[in-house]
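Contents: one structure, followed by commentary.
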Amino acid sequence: MSLEPNFTPDSGDWACARCGAPLEQIKVQALYMHSAFAVILPRCPSCGLTLIPQSLAEGKMAEVEALLEDK
Amino acid sequence: MLEQSQLHVIEARCTQEAAPRCRTACPLDMDVRSFLECLAAGKLRDARKLLERHLPLPGVMCAVCDHPCENACLRRDLGGSLAVSALEKFCMKAVPVQTKPLVRPPKGQKLAVLGAGLAGLTAAFDISHKGFAVTVYHEGEKEDALLAAFPVLEKSALDEELRALEKFHVRFVPAALDESLLVQCAGEYGAVFVDASTCSFAPGEEELDGVTLLWKDNICCGGWEKSTPTGARYASSSAQAGEGRKAGITLQRILTGVSLVAAREGEIRQDRLHTPLEGIAPCARILPASGDAYTEEEARKEADRCIRCSCMQCVKECPFLQKYKEFPRVYARKLYNNASVVRGTRTANVIMNGCALCGQCEVICPEHFSMADLCLQARQDAVERDVMPVSAHEFALEDMAQASGQESAFLVEDPALAAEGGHGARMFFPGCQLAASRGEQVLAMYRYLREALPGGVSLYSSCCGIPAYWAGREALFNEHAATLRNAWEECGRPEILAACSSCMSALKKALPEATVTSLWEKLDDIMPGPFSSTTPESMNVQDPCGARHDEAWQKAVRSLAAKAGIQVKEAKRSGNESACCGYGGLVWNAQPDVADSMAKKRADEFSLPVLTSCIMCQDRFARETQSLHLFDILPQTARAGADLAQSSPGLSARRAGRVALKEKALEEFLGQKSAQAQQSALLLRIPDDVQQAMERRYILRQDAEEAVRGIEGTGAKFINRENGHVLGSWRPRNVTFWVEYTADDDGGFTLVNAWCHRMVVAGAIQPAEKVVMEERVHA
């Protein structure tokens with residue numbers, strides 16, 4: 001089971017409040033129950049703060065969580 | 001884990017897969033129900049296929065069958081048994097042959113059949129279709145015996161079947177059927193069948209073993225005439241064919257050297273299927289207008305009268321059992337297979353966690369099949385082997401921790417006695433949910449109990465531990481039981497007055513030597529006369545599933561209702577058959593959709609406002625219908641809870657309610673000011689719609705406040721340059737909370753949205769470097 005690779009913010013023009021930098025789509029690791037997935041998410045290129053859109057959290061991520069919990 | 005033998009015992013209790021009465025009545029195991037279903041659906045070819053699959057010599061059998069299925073039919077007293085025999089005749093006529101069995105080259109072993117009666121030909125049919133060559137010895141013409149026994153049989157139909165038999169290596173040899181022929185055949189053939197209807201030397205039926213019909217050595221016998229109670233002798237076609245078939249199995253086993261008796265339980269005809277007949281309207285038998293044979297239209301109508309016998313009594317009542325579209329026998333098997341999975345997906349996890357453990361099915365089931373036992377055992381097993389889905393019960397267990405933790409739990413010894421080191425004779429245990437949503441009423445009841453009961457009363461507010469038990473976490477339950485025991489012993493082992501039926505059952509498990517009485521029984525004792533109450537005139541009563549078998553509880557509730565002037569009208573399935581509101585078994589946490597269906601289904605069964613004695617029942621029904629808790633009608637508590645009955649406090653409010661109760665109780669009875677560490681107040685405005693969405697996602701107000709406080713503290717947040725919204729995340733435990741909010745001019749914040757997930761993404765929470773692979777909290 002793999003996540004769709006690229007998720008952008010659901011809406012809005014988001015920037016890192018601390019660094020002031022606009023977010024970039026950067027590959028990061030998502031981990032759950034001894035499984036890891038590569039996923040491209042909006043991230044601050046400077047400090048690494050990463051945004052998880054609601055649609056991802058309640059959609060694909062919830063699905064994968066349930067699948068892994070049933071493994 | 002369940003042993004396979006235990007599974008079989010459990011499975012056997014569910015009769016849904018057992019054969020209907022028509023089929024068990026048929027010695028040939030004809031699947032009459034499916035046949036009728038095909039006919040009713042107009043699938044005539046499929047119907048004929050079924051006849052050909054189950055019946056030997058179908059053309060002959062359908063013509064001469066004495067249809068014992070019709071005597072067994074449950075429609076018999078509801079308009080008349082299905083006309084199965086006439087429908088079979090119709091089907092044979094309406095549709096040509098559908099199956100063409102493969103003729104195999106004959107095997108080495110041969111069978112001799114003495115006598116071409118129905119039993120002999122059935123044995124020849126069955127054995128020849130297994131690939132053995134068969135020689136049938138007969139006197140006169142080969143058709144004679146059958147035509148003599150069954151005059152209604154048309155010669156052409158018989159000839160056709162006999163010709164078909166010959167293709168399957170069946171030879172017909174005329175011979176005198178006597179004992180010398182038998183001796184000769186027993187030596188020359190691998191096995192011999194003697195048709196008792198044609199061989200005078202055959203033994204009586206009673207001399208043979210009924211399971212195998214073995215006479216001696218390699219010889220079986222069957223095809224006897226039967227006699228009526230008045231002594232008249234007749235040939236029962238189905239019985240004779242059945243004997244031929246049964247002996248055929250033995251003969252085949254003789255030919256192949258297999259045990260004659262092993263694994264033949266399936267041949268025993270037993271009515272096990274329970275079919276409820278309530279609500280089935282009578283419907284008269286359709287008779288052929290022409291007088292002798294059905295038209296297709298008539299046949300379909302007649303077949304459609306079939307009740308389609310099936311049990312499903314528990315499934316009809318339970319949204320959980322309905323959800324996965326199966327019945328307990330299948331669920332048992334799935335749960336067993338699920339537990340056997342070493343690597344791979346556990347598809348039945350959802351099944352074990354969807355049960356409310358309410359026990360209704362066990363009461364309704366004629367065989368008392370208990371899904372609760374099965375699901376609870378599966379949960380305990382999953383917890384023990386560390387394969388329980390983490391999220392299923394996590395929120396409920398956190399709630400239990402909050403209810404029994406420092407923040408909410410408290411123990412107040414009766415102030416009048418405590419000063420001198422004395423203990424109350426009783427202990428009021430309101431339970432974590434009354435404490436959460438009805439704090440004022442709990443205090444009012446406690447004040448009353450102290451006044452009304454001699455010997456003093458202490459107040460212990462905590463969780464009873466039932467969530468741990470329901471979640472299958474026995475270790476946690478035992479640990480909690482030890483805490484309860486300490487408190488109980490500290491208070492001088494008082495009688496416990498429980499206001500919640502789940503608490504009663506948990507306390508009885510945790511403290512088996514304690515006297516645990518329901519608050520309602522006690523109140524019923526100390527409030528002998530009627531009392532005034534502003535309540536609906538007549539009400540339904542919901543018996544909570546935890547008090548399903550507690551008649552004293554049920555009686556006390558009705559008695560108190562009567563004293564309040566309420567006329568109780570019993571709803572469908574009350575008492576021990578009561579249905580769960582969806583709170584039981586933590587199904588509200590694991591599968592809220594199932595829990596909601598349960599609440600809705602049960603609420604729909606009430607025609608009047610409903611009176612509950614369990615606060616969770618009250619709460620869950622309040623969303624569907626007018627529901628009152630006993631606290632809402634009792635004079636001691638009704639006023640303290642004005643307007644509470646129709647509001648359903650959310651999850652955040654419940655936790656806050658417990659904290660508030662503790663503060664008030666400690667202040668009132670111990671004179672203590674709140675010792676809770678006061679955090680600097682954070683003003684977080686949460687609009688109603690956002691609050692409701694949070695409830696559905698199990699996000700508490702406290703979580704959101706903590707998240708905003710944390711995010712503002714670290715400064716790790718995003719800003720939306722279009723509208724100035726702030727977004728940040730916080731992971732206090734196994735869940736990451738995201739909060740989108742605005743900073744208000746007055747220093748407060750307004751929440752715009754909140755969501756959560758369990759997966760860990762590096763950098764998505766702060767401090768990022770501390771993110772480690774999570775461990776299961778409750779493992």
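The numbers here are math on the coordinates, done by the rules we state, and not lab data. Not measured: the values here are computed from a predicted model. Note that we place each Cβ from the backbone using ideal geometry, even for glycine, and neighbour counts take in every protein chain shown.
Annotations
- Over the protein assembly as shown - Rg/Rh using Cα atoms and the Kirkwood inverse-distance radius: 1.12
- DSSP bridge analysis restricted to chain B gives an antiparallel fraction near 35%, rounded to the nearest 5.
- Relative packing of B:627-633, B:286-292, which averages over residues the other C-beta atoms within 10 Å, highest first: B:627-633, B:286-292
- Inter-chain Cβ neighbour count for A:8-18, averaged per residue, equals 5 (cutoff 10 Å, partner chain atoms only).
- Annotation: Cα Rg of region B:20-118 relative to the compact-globule expectation 2.2 N^0.38 Å equals 1.22.
- Antiparallel content of DSSP bridges confined to the protein assembly as shown, in %, to 5: 50 percent
- The slack between B:E384 and B:E160, meaning 0.36 nm per residue of separation minus the straight C-alpha distance, is 74.1 nm.
- Ellipticity estimate at 222 nm from DSSP helix runs (n ≥ 4, -39,500 (n - 2.57)) divided over the protein assembly as shown, nearest 500: -12000 deg cm²/dmol
- Shape index of region B:465-506: Rg/Rh, with Rg the Cα radius of gyration and Rh the Kirkwood radius from the inverse mean 1/r over Cα pairs, equals 1.00.
- Peptide B:708-719 - average C-beta neighbours from other chains (10 Å radius): 3
- Alpha carbon centroid spacing (whole Å) that separates region B:43-73 from region B:314-375: 36 Å
- Ranked list, fewest to most other Cβ atoms within 10 Å of each Cβ, for B:L335, B:L411, B:L162: B:L411, B:L162, B:L335
- Region A:41-69 and region B:507-536: distance between their alpha carbon centers, rounded to Å: 51 Å
- If you plug the beta carbon distance of B:K226 and B:E265 into 1/(1 + (r/R0)^6) with R0 = 22 Å, you get a FRET efficiency near 0.35.
- Order of B:D126, B:D596 - criterion: other Cβ atoms within 10 Å of each residue's Cβ, fewest first: B:D596, B:D126
- Once the chain from B:A12 to B:E667 is taken as fully extended at 0.36 nm per residue, the excess over their C-alpha distance is 230.0 nm.
- The B:D373 and B:T347 beta-carbon pair, evaluated with R₀ = 30 Å, returns a calculated FRET efficiency of approximately 0.90.
- Of the trypsin sites (Lys or Arg not before Pro) found in region B:98-176, none is in coil by DSSP with at most 11 other Cβ atoms within 10 Å of its Cβ.
- Principal axis box of chain B, alpha-carbon based, largest edge first, Å: 110, 67, 52
- Once the C-beta distance of B:E206 and B:K301 is scaled by a Förster radius of 41 Å, the resulting FRET efficiency is 0.40 to the nearest 0.05.
- Loop-located GluC sites (Glu not before Pro) in region B:419-468 whose Cβ has at most 13 other Cβ within 10 Å (DSSP): B:E420
- Low-density loop positions, trypsin sites (Lys or Arg not before Pro), region B:371-475 - DSSP coil, at most 14 other Cβ in 10 Å: B:R385
- Which listed pairs, of B:K43/B:K323; B:K100/B:K167; B:K43/B:K100, have C-alpha distances above 23 Å, in listed order: B:K43/B:K323
- Computed Kirkwood radius, in angstrom, where 1/r is averaged over Cα pairs of chain A: 12.9 Å
- Compared with the direct C-alpha span, the chain from B:I526 to B:A416 gains 37.5 nm at full extension, assuming 0.36 nm per residue.
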